[in-house]
Structure formats: structure tokens, C-alpha cells
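Peer 1: Here it is, the structure, as C-alpha cells.
Read-outs throughout are calculated quantities, based only on the coordinates presented, and are distinct from any laboratory measurement. Note that the structure is predicted; figures quoted are calculated from it, not measured. Positions of Cβ are backbone-derived with ideal geometry, glycine not excepted, and every protein chain shown enters the neighbour counts.
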């Protein structure tokens with residue numbers, strides 16, 4: 001029986017500093033056969049292992065059809081991510097995955113797609129945005145909503161400008177605190193729902209970010225006619241094993257690492273927003 | 001299937017047959033004033049004439065002049081640590097001179113173990129641990145290897161403690177399945193029952209005589225009495241909906257005020273499976289061992305996620321434990337996660353009683 005716990009070695013091919021606290025590692029497995037066999041879906045995650053320190057669950061942000069590299073965009077928040085931030089081109093780390101259930105891209109085909117993110121939780125959904133933009137003909141209208149605390153926190157700023165110029169695409173960005181030359185809204189992103197133009201009852205919504213923000217967004221969207229099973233959220237919980245054994249990520253009867261991290265709102269609704277779960 | 005009667009004086013023959021078949025025997029013995037399970041070489045190590053007294057927050061041993069080896073209810077642990085190791089390395093990483101990292105699985109070959117004196121509640125718990133560790137998307141290879149090399153000698157329970165409630169959860173006191181051999185203990189010996197080919201192989205080596213009807217009737221009545229003596233019970237219906245409909249019940253706050261969040265209950269629980277993983281790096285930095293060890297939903301770290309603890313208050317941790325054990329288990333494993341062993345009641349330092357809390361929150365008939 002192959003050991004699902006065992007990482008494999010990967011190499012940092014490129015490192016990009018996205019903001020003072022956010023960086024992207026572009027990786028390749030050092031074993032070419034392993035690299036060639038590696039397949040993932042947007043919304044899935046890997047366990048990244050920093051030698052001698054430990055593992056952390058990080059979503060995969062690159063395109064699933066890129067055969068060269070896979071990317072992880074990481075914010076420095078704890079012991080492992082602080083160490084991962086020190087890695088340079090050529091450095092090695094351990095990777096195992098991919099794990100979990102990703103975004104419902106098949107469900108979204110031929111329908112309006114809305115992406116909502118808040119805080120710095122944008123990385124998991126950027127993979128979806130890029131996925132849709134590169135396969136634009138498969139989807140109908142694309143609406144991107146992104147909220148950040150401070151305008152400086154918005155990474156990939158040029159991409160948002162570029163996306164906003166795409167046909168049949170609406171980009172709504174908000175920062176709680178703006179700055180000079182900030183072209184977008186100042187305030188909460190949830191204040192912008194009135195501006196969204198979309199076929200709400202047929203739209204598929206994918207969101208990621210702080211649960212308080214997602215709850216407000218869910219309320220707005222349900223009011224406008226989005227179906228509960230068309231609303232999808234990426235949940236975050238403590239993860240140690242990522243294979244449904246260690247018990248840390250339990251959310252009621254679900255294991256976020258296996259049954260999620262992407263859930264439809266109807267699946268998480270009974271516990272959503274209740275402190276302590 | 002009934003194999004016959006084994007006189008107590010011949011009990012060592014069972015250990016010898018298991019030793020000869022290549023098993024290390026594990027069995028109950030008295031240590032630090034508790035019945036614990038450890039390597040058993042000789043029949044003289046068994047806790048003869050030992051009786052336990054268990055109440056909420058209390059476990060006491062008394063000596064009697066009874067000849068029996070198994071006239072007590074379960075101590076703090078029995079089977080779980082032998083399959084789901086309290087602490088074990090998973091893999092080792094090594095830093096090579098060229099900066100490369102090499103990973104190697106750490107899995108010592110499993111040792112065949114024969115556990116003597118497994119109770120019905122623990123066989124039910126084992127079935128649940130099997131479902132968790134073997135029947136999900138990813139089977140745990142270490143657990144699987146130990147499980148395949150396990151021989152189980154059950155002993156039907158005839159002396160439940162005040163804290164036991166296996167009759168109400170449907171898990172005891174009779175061991176119904178999942179054993180290789182099962183024994184009814186009587187004053188002069190054992191009715192031996194086989195449950196597998198391996199069990200039949202061992203039974204064939206024992207000096208068994210045909211059992212008598214009187215012995216069978218006595219054995220059955222002892223098990224029947226063991227069920228009737230139990231005064232605690234858990235509501236037998238599925239409590240999932242009742243628990244999740246009561247998440248704002250004031251009892252959570254009240255029990256959270258008594259609970260010390262020590263995690264004793266999850267350590268002694270035969271079905272709790274949570275564990276954490278951590279690296280232990282050599283002082284020279286040359287290699288690192290990635291190990292797992294038992295964790296508890298009562299710890300601060302269990303719900304830690306990037307800078308915050310989701311279950312910062314004790315009431316939330318108790319609620320997580322109870323709603324999972326008696327509620328979400330139905331979704332995950334098709335039944336409640338409680339097998340009625342009562343350990344969490346006896347080993348709770350402040351004597352919190354899961355059966356009382358369940359009734360206070362979900363309603364139903366109180367103990368009595």
C-alpha cells in the first residue's frame with residue numbers, strides 16, 4: 001500500500017514577490033515521471049513541506065493544463081509560511097497532493113460565472129478566473145468581485161485592469177482603505193452587489209475569503225435569486241494529514257480536506273457562521 | 001461456535017498456544033492500582049481476585065478472594081493504543097549535500113499481537129476505528145498492518161461498572177462478533193467459543209472438555225445480569241438532529257464551566273481518532289522525523305488556523321466533542337461514536353457524565 005503521508009521532492013523554479021507579505025512559488029517535482037503524472041483541478045490544494053519545520057495546506061493557483069510548473073501563492077502568517085518565504089530559486093521542498101474537491105467548473109459551463117473574494121483569500125479563486133478567461137467561450141458572463149482591507153493588499157492589480165477590459169466581463173474591486181490613484185471603490189466589496197449585472201437565478205457563484213464576508217455575500221446573492229446549490233464556498237480549517245484521518249478539519253460530519261475545501265452553500269448552511277465549528 | 005470448556009488451571013495453555021503461533025500476548029494486569037493491558041507471558045500476571053469500583057471521576061481497585069481473572073470492567077485503556085499508536089513516526093526526511101531532500105517511509109514490520117480479555121464495547125470500537133482508518137479514501141498502512149496481525153480473545157463482560165452503559169448503545173455486554181476466540185468466565189473455567197479459522201486453530205490445541213447445559217445457562221445468566229445491572233443509558237435513538245438543533249442550549253455554557261478541557265475523555269475513548277503531526281529535527285539539522293501523536297479536540301491547537309483558534313472557549317470544545325461523538329458520527333460512519341464503555345465518565349477529573357449531558361441537551365429519560 002502506497003503511503004499517502006509521504007511527500008515528494010519538488011524544486012523552486014521561480015519565486016515571485018507579489019506584495020510585502022505574499023509570494024508565489026513556481027514548482028516542479030524533481031522526479032520527471034512524478035511531474036508528468038501530476039494532475040489537479042482548480043480549487044484543490046497540496047501539502048507543502050518545509051524541511052525540518054512542517055507541512056501546510058496551500059491551494060494550487062496555476063492552470064491545470066500547464067505541463068511545465070505548478071504554482072502556489074502564499075501569505076506569510078505562521079511558522080511554516082514564514083520559512084517557505086525564505087526559499088529561493090533552486091531550493092527544494094516536499095509536496096504531496098493534490099487533495100480535496102475543487103471548484104464546480106463543469107456545473108458552470110454555459111452559465112454566468114461570479115467570483116467573490118475578500119481579505120487576502122484571492123489565491124484559490126484566481127485559478128478559476130484564469131481558467132475561465134483562457135476558456136472564455138465555454139462560459140457566459142464573468143463577474144469578478146474582490147474586496148481588500150487596504151488598497152496596497154490587492155495583488156495582481158494589472159490583471160484586474162486587464163480582466164475588466166474583456167468582453168462580457170465585469171470587475172468590481174473595493175478596498176476598505178483606499179490610496180491615491182486607487183481606481184476602484186472605497187468601502188466594503190459587499191456594497192457593490194447593486195451594480196452586478198448577471199442572470200442571478202442561472203449563475204454559478206464561487207467565493208473564498210473570511211466567513212463573515214462570505215455570509216454577507218451569500219445573503220445578498222440569495223436575495224437576488226442565486227440558488228443555494230449554485231453558490232460555492234472554499235472553506236478553511238486546520239489540516240494536518242489532508243487525507244481524512246487526523247480529524248482537525250471536521251466541520252460537522254464533513255472532512256474539509258476530503259469532502260471540500262469547496263462546498264455548495266446548501267452543504268454547509270446548517271453550521272455556517274456558527275462560532276466554534 | 002462453541003468449542004468446549006477450558007478449566008482455569010489450563011489457561012496457560014492458551015497463552016502457550018498463542019506464543020507458539022508467533023504472537024506476543026497482551027493481556028490485563030494490575031499496575032498502579034488500575035487494570036492495564038501489557039505483555040502477558042504467564043497466567044500469574046492476570047488480575048485474579050481484582051474488582052473495580054467506578055463512579056464519575058473515580059476509579060478504585062479492590063481485592064477479593066474470587067478465583068476469576070476477568071471479574072472487573074474495563075480500565076482506562078485496552079485495544080486502541082495497540083492499533084492506533086499514541087505516538088509513531090510516519091516518515092523521515094534527510095538533507096543531502098547537494099541541497100536535495102530525500103524522503104523515506106518509516107514503518108517497522110508489524111508484530112503479531114494476541115490481545116486477551118477484549119470486551120464487547122472495545123470490539124465495537126475497533127470496528128469503528130477500522131472504518132475510519134481503513135475504509136476511507138486513504139487507508140492508513142500502519143494501522144492496516146497491525147490490524148492484519150491481530151488475534152483477539154474476547155471475554156464476555158459479567159462485571160460491569162456503575163459507569164457502563166453498553167447495553168443501551170447495543171454494544172455489549174456479550175461480544176457478538178469480530179473476535180477469534182471468545183470466553184465466558186465461570187468460577188472454575190471458561191466456555192470457549194470460536195469466531196474465525198485462526199481461532200479454531202488455537203482452540204484445537206487446548207485441553208477442552210464438552211460444555212454442560214448448566215455451564216451454558218450460568219454463562220448466559222451472568223451476561224443477562226451484566227446488562228440488567230447497568231443503570232446508565234444513552235437515548236438509543238439517533239441524536240444527530242436533536243444535538244444540532246440545540247447548538248445554543250444553555251447547557252453547553254454550564255458544562256463548559258465544569259469541564260477542565262484536559263482531554264482525558266478523548267484519550268480514554270476507544271473511538272476517538274484525532275491526531276496531530278509534527279517534525280522533530282535532529283540537532284545537527286541533517287535529518288528530520290515527521291511523527292504523529294494523539295491529539296484532542298479539547299486542546300487549544302486542535303482548531304488553530306492562521307493566527308486564530310476557532311474553538312477558543314471550553315464550551316465550544318465540549319460541544320464539538322459531543323455533537324461529533326453522538327451526532328456527526330452517524331453521517332461519517334453510519335452509527336454513533338459511543339460504544340457505552342463509560343471510560344470518559346470515570347476518567348473525567350470533574351466527573352462529567354456523557355449520559356447526563358446528552359439527556360440534558362436532547363431530552364429523554366434520565367438514568368436510574
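Peer 1: Just the Cα atoms of the stretch A:114-205: what Rg and Dmax do they give in Å?
Peer 2: Cα-based Rg and Dmax for the stretch A:114-205 come out at 12.7, 38 Å.
Peer 1: Now a separate question. Considering every pair of different Cα atoms, what Kirkwood radius, in Å, is found for the stretch B:235-275?
Peer 2: Values: mean 1/r = 0.0800 Å⁻¹.
Radius from the Kirkwood sum: 12.5 Å.
Peer 1: Now a separate question. Cα axis of helix A:123-134 to longest principal axis of chain A: angle in degrees, 0 to 90, nearest 10?
Peer 2: Helix A:123-134 sits at roughly 70 degrees to that axis.
Peer 1: Could you give the nm distance between label points at residue B:366 and residue A:107, where each point is 7 Å from its Cα heading toward the beta carbon?
Peer 2: 4.7 nm
Peer 1: Something else: Which of rounded, prolate or oblate describes the stretch A:27-173 when judged by the alpha-carbon gyration tensor and an a/c cut-off of 1.5? Walk me through the intermediate numbers first.
Peer 2: On the way: a/c = 2.25, a/b = 1.44, b/c = 1.56.
Cα axes put the stretch A:27-173 in the oblate bin.
Peer 1: Between the stretch B:170-217 and the stretch B:31-85, what is the C-alpha centre distance in whole Å?
Peer 2: The stretch B:170-217 and the stretch B:31-85 have Cα centres separated by 20 Å.
Peer 1: Sticking with this one: How big is chain A along each principal axis, measuring the range of its Cα positions in Å and listing the largest first?
Peer 2: So the extents along the principal axes, rounded to whole Å, are 50, 44, 37.
Peer 1: Please provide three numbers in whole Å: the alpha-carbon extents of the stretch A:8-99 along the principal axes, with the largest listed first.
Peer 2: The Cα atoms of the stretch A:8-99 stretch 31, 24, 23 Å along their principal axes.
Peer 1: Need one number: nm distance between label points at residue B:41 and residue B:58, each 7 Å from Cα along Cα→Cβ, rounded to one decimal.
Peer 2: Rounded to a tenth, the inter-label distance reads 3.8 nm.
Peer 1: Indicate, rounded to the nearest 5 percent, the antiparallel portion of the DSSP beta bridges found entirely in chain A. Walk me through the numbers before you get to the answer.
Peer 2: Details: 33 of 58 bridges.
Close to 55 percent.
Peer 1: So, one more: Pop the C-beta distance of residue A:159 and residue B:293 into the FRET formula with R0 = 35 Å and round what comes out to the nearest 0.05.
Peer 2: Details: r = 43 Å, r/R0 = 1.24.
E(calc), rounded to 0.05, equals 0.20.
Peer 1: Please order A:92, B:343 by the number of other Cβ within 10 Å, starting at the fewest. Before the final figure, lay out each step's value.
Peer 2: On the way: A:92 21, B:343 28.
If I rank by nearby Cβ atoms, fewest first, I get A:92, B:343.
Peer 1: Take every DSSP beta bridge with both residues inside the stretch A:105-268 and express the antiparallel ones as a percent of the total, to the nearest 5. Intermediate values should be presented prior to the final figure.
Peer 2: Values: 5 of 29 bridges.
Rounded to the nearest five, the antiparallel share is 15 percent.
Peer 1: Let me ask you something else. Given the C-alpha centroids of the stretch A:212-277 and the stretch B:282-349, what is the distance between them in whole angstrom?
Peer 2: Their Cα centres are 20 Å away from one another.
Peer 1: When a/c reaches 1.5 or more, the comparison of a/b and b/c decides; with that in mind, is the stretch A:188-277 rounded, prolate or oblate per its Cα gyration tensor?
Peer 2: Values: a/c = 2.53, a/b = 2.08, b/c = 1.22.
Prolate.
Peer 1: Using Cα-only point scatterers and the Debye equation, what is log10 of I(q)/I(0) for the protein assembly as shown at each q in 0.07, 0.11 Å⁻¹, rounded to two decimals?
Peer 2: -0.54, -1.09
Peer 1: Distance in nm between label sites at residue A:269 and residue B:94, each 7 Å beyond Cα in the beta-carbon direction?
Peer 2: It is 5.5 nm.
Peer 1: Still on this structure, I have one more. Taking R0 as 45 Å, what FRET efficiency do you get between residue B:106 and residue B:33 from their Cβ-Cβ distance, rounded to the nearest 0.05?
Peer 2: Details: r = 36 Å, r/R0 = 0.79.
Rounded to the nearest 0.05, the efficiency is 0.80.
Peer 1: Hey, what D do you get for the stretch B:88-206 in µm²/s if you plug the Kirkwood alpha-carbon radius into Stokes-Einstein at 4 °C and 1.567 mPa s?
Peer 2: Values: Rh = 17.0 Å.
D = 76 µm²/s.
Peer 1: Translational diffusion coefficient, Stokes-Einstein: compute it for the stretch B:239-368 using the Kirkwood radius over C-alpha pairs as Rh, at 20 °C and 1.002 mPa s, and state it as an integer in µm² s⁻¹.
Peer 2: Numbers: Rh = 16.0 Å.
D = 134 µm²/s.
Peer 1: Given the stretch B:33-77 reduced to its alpha-carbon atoms as identical point scatterers, what log10 I(q)/I(0) does the Debye formula return at q = 0.15, 0.21 Å⁻¹?
Peer 2: One equal scatterer on each Cα of the stretch B:33-77 leads to -0.37, -0.70.
Peer 1: To continue, here is another question. Mind computing the radius of gyration and Dmax over the alpha-carbon atoms of the stretch A:105-268? Å is fine for both.
Peer 2: In order Rg, Dmax, the Cα atoms of the stretch A:105-268 give 15.8, 49 Å.
Peer 1: Then there's this: Taking only Cα atoms, what is the 0 to 90° angle, nearest 10, from helix A:211-223's long axis to the longest principal axis of chain A?
Peer 2: Taking the Cα atoms of chain A, the angle to A:211-223 is about 40 degrees.
Peer 1: Can you put B:318, A:265 in order of Cβ neighbours within 10 angstrom, beginning with the fewest? List each step's numbers first, then the result.
Peer 2: On the way: B:318 27, A:265 21.
Ascending Cβ contact count within 10 Å gives the list A:265, B:318.
Peer 1: Still on this model: Residue separation times 0.36 nm, minus the C-alpha to C-alpha distance between residue A:63 and residue A:39: what's the value? Numbers along the way, then the final one.
Peer 2: On the way: separation 24, 0.36 × 24 = 8.64 nm, distance 1.04 nm.
So the extension gain works out to 7.6 nm.
Peer 1: May I pose another question? Taking 8 Å as the Cα distance limit and 6 or more residues as the minimum spacing, I'd like the relative contact order of chain A as a percentage. Mind showing how you got there, number by number?
Peer 2: On the way: 553 pairs, mean separation 46.9, N = 277.
17 percent.
Peer 1: Which percent, to the nearest 5, of DSSP beta bridges fully inside the protein assembly as shown are antiparallel? Don't skip to the answer; put the middle values down first.
Peer 2: Working: 77 of 113 bridges.
Roughly 70 percent of the DSSP beta bridges within the protein assembly as shown come out antiparallel.
Peer 1: Right, something else. At a threshold of 8 angstrom on Cα-Cα distance, excluding pairs fewer than six apart, so keeping six or more, what relative contact order does the stretch A:105-268 reach in percent? Don't skip to the end; give the middle numbers.
Peer 2: Values: 281 pairs, mean separation 35.2, N = 164.
Relative contact order comes out at 21 percent.
Peer 1: Using a Förster distance of 41 angstrom, determine the FRET efficiency expected from the C-beta separation of residue A:219 and residue A:3, and round it to 0.05. Numbers along the way, then the final one.
Peer 2: On the way: r = 44 Å, r/R0 = 1.07.
Result of the calculation: an efficiency of 0.40.
Peer 1: Exposure proxy check: B:158, A:158 ranked by fewest other beta carbons within 10 Å? Before the final figure, lay out the partial values.
Peer 2: Working: B:158 24, A:158 7.
The fewest-first ordering by Cβ neighbours comes to A:158, B:158.
Peer 1: To continue, here is another question. When the helix-only estimate is applied to chain A (DSSP H runs of n ≥ 4, each -39,500 (n - 2.57), divided by the residue count), what is the mean residue ellipticity at 222 nm, nearest 500 deg cm²/dmol? Show your work: numbers first, answer last.
Peer 2: Working: 8 runs with 57 residues, N = 277.
About -5000 deg cm²/dmol.
Peer 1: In addition: Equivalent ellipsoid semi-axes for the stretch B:159-308, as square roots of 5 times the alpha carbon gyration tensor eigenvalues: give them largest first, rounded to whole Å. Numbers along the way, then the final one.
Peer 2: Working: eigenvalues 350, 157, 32 Å².
The equivalent ellipsoid of the stretch B:159-308 has semi-axes of 42, 28, 13 Å.
Peer 1: Tell me the Kirkwood radius of the stretch A:15-58: reciprocal of the mean inverse pair distance over distinct alpha-carbon atoms, in Å.
Peer 2: On the way: mean 1/r = 0.0795 Å⁻¹.
It works out to 12.6 Å.
Peer 1: Checking the a/c ratio against 1.5 first, then a/b against b/c, what shape does the Cα gyration tensor give for the stretch A:155-202? Provide the component values of the computation, followed by the final result.
Peer 2: Values: a/c = 2.85, a/b = 1.31, b/c = 2.18.
Oblate, since a/c reaches 1.5 and b/c is not below a/b.
Peer 1: How high is the relative contact order of the stretch A:8-99, in percent, counting Cα pairs under 8 Å that sit 6 or more residues apart? Provide the component values of the computation, followed by the final result.
Peer 2: Working: 184 pairs, mean separation 35.3, N = 92.
For the stretch A:8-99, the relative contact order is 38 percent.
Peer 1: First obtain the Kirkwood hydrodynamic radius of the stretch B:168-243 from its Cα pairs, then insert it into the Stokes-Einstein equation at 20 °C and 1.002 mPa s, and state the resulting D in µm² per second as a whole number. Don't skip to the end; give the middle numbers.
Peer 2: Numbers: Rh = 14.8 Å.
Value of D from the Cα-based Kirkwood radius: 145 µm²/s.
Peer 1: Over all Cα pairs of the stretch B:2-228, how is the pair count split among 5 Å bins, expressed in % and running from 0 up to the last occupied bin?
Peer 2: In order of increasing distance, the bins hold 1, 6, 13, 17, 19, 15, 11, 6, 4, 2, 2, 1, 1, 0, 0, 0 percent.
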